[in-house]
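Take a look at the structure set out below.
The values are calculated or read from the model by the stated rules, or taken from the named source; none is laboratory data. The structure displayed is predicted, hence computed values, not measured ones. Here the Cβ positions follow ideal geometry from the backbone for every residue, glycine too, while neighbour counts run over all protein chains shown. Side chains are part of the model used for accessible areas, which takes the heavy atoms of the whole protein and leaves out ligands, DNA and RNA. Shrake-Rupley method; radii C 1.70, N 1.55, O 1.52, S 1.80 Å.
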Amino acid sequence: MNRSSSHRAGRIAAVAAVAAAVVSLAVHPAQAQGLADQILSEYTAKAGRAASAERGQKFFATNFGRDLGFSCASCHGALPTRAGKDQVTEKVIAPLAPAANAKRFTDRKRVEYMFRMNCMDVVGRECNAGEKADVLAWLVSLKP
């Protein structure tokens with residue numbers, strides 16, 4: 001084997017190793033649903049009351065009268081099993097419902113960050129644990 005063939009074989013092996021590592025990090029949809037259910041349980045416990053998918057859907061669709069007049073559904077869509085679109089940047093937003101997007105609700109820090117940021121923009125304050133539990137209960141109930 002000459003030097004360039006050996007180098008190419010080494011690069012191919014490295015690429016294969018990276019690809020295998022990436023595949024191993026992928027979240028299976030059932031695993032994502034389980035993580036979302038765990039986060040929902042934590043919010044429900046903090047709220048001290050049962051979560052309501054009905055309240056969550058209503059909250060998601062409510063315009064809270066903020067400057068831009070948005071609701072969660074304004075960007076995520078009335079049916080968050082489909083892609084949405086940011087109303088300001090026009091950037092496409094991946095589906096929010098865990099059943100339609102296995103990457104959703106798999107990182108507690110990111111979930112908290114996104115709730116904090118979006119609640120401040122849409123509601124004008126941080127959402128409380130009950131509101132988060134209700135919205136997540138509705139999102140977890142949706143099927144693609």
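Read phi for every residue in region 60-71 and hand back ³J(HN,Hα) as whole Hz from Karplus 6.51 cos²θ - 1.76 cosθ + 1.60, θ = phi - 60°, with x for Gly and Pro.
4, 8, 6, 8, 8, x, 6, 3, 8, x, 9, 10
Got a sec to turn the phi values of region 72-86 into Karplus ³J(HN,Hα) couplings, 6.51 cos²θ - 1.76 cosθ + 1.60 with θ = phi - 60°, whole Hz, x for Gly and Pro?
4, 5, 4, 9, 7, x, 5, 10, x, 8, 10, 5, x, 8, 4
Order these peptides, 54-67, 34-47, 71-84, by their mean beta-carbon neighbour count within 10 angstrom, highest first.
By packing density, highest mean first, the sequence is 71-84, 34-47, 54-67.
Below 11 angstrom from the Cβ of ALA100, what's the summed charge of the other residues (Lys, Arg +1; Asp, Glu -1)?
Taking every other residue near ALA100 into account, the sum is +4.
Apply the Karplus parameterisation 6.51 cos²θ - 1.76 cosθ + 1.60, with θ equal to phi minus 60°, to every residue of region 125-140 and state each ³J(HN,Hα) to the nearest whole Hz, in sequence, with x for glycine and proline.
Along region 125-140, the couplings run 6, 6, 6, 8, 4, x, 5, 4, 4, 5, 4, 5, 4, 5, 4, 5 Hz.
Where a ≥ b ≥ c are the square roots of the eigenvalues of the C-alpha gyration tensor, would you call region 50-140 rounded, which needs a/c under 1.5, or, failing that, prolate if a/b is larger than b/c, or oblate?
Since a/c stays below 1.5, the shape of region 50-140 is classed as rounded.
Over region 82-144, with the other protein chains present, what is the accessible area per residue in square angstrom, probe 1.4 angstrom?
57 Å²
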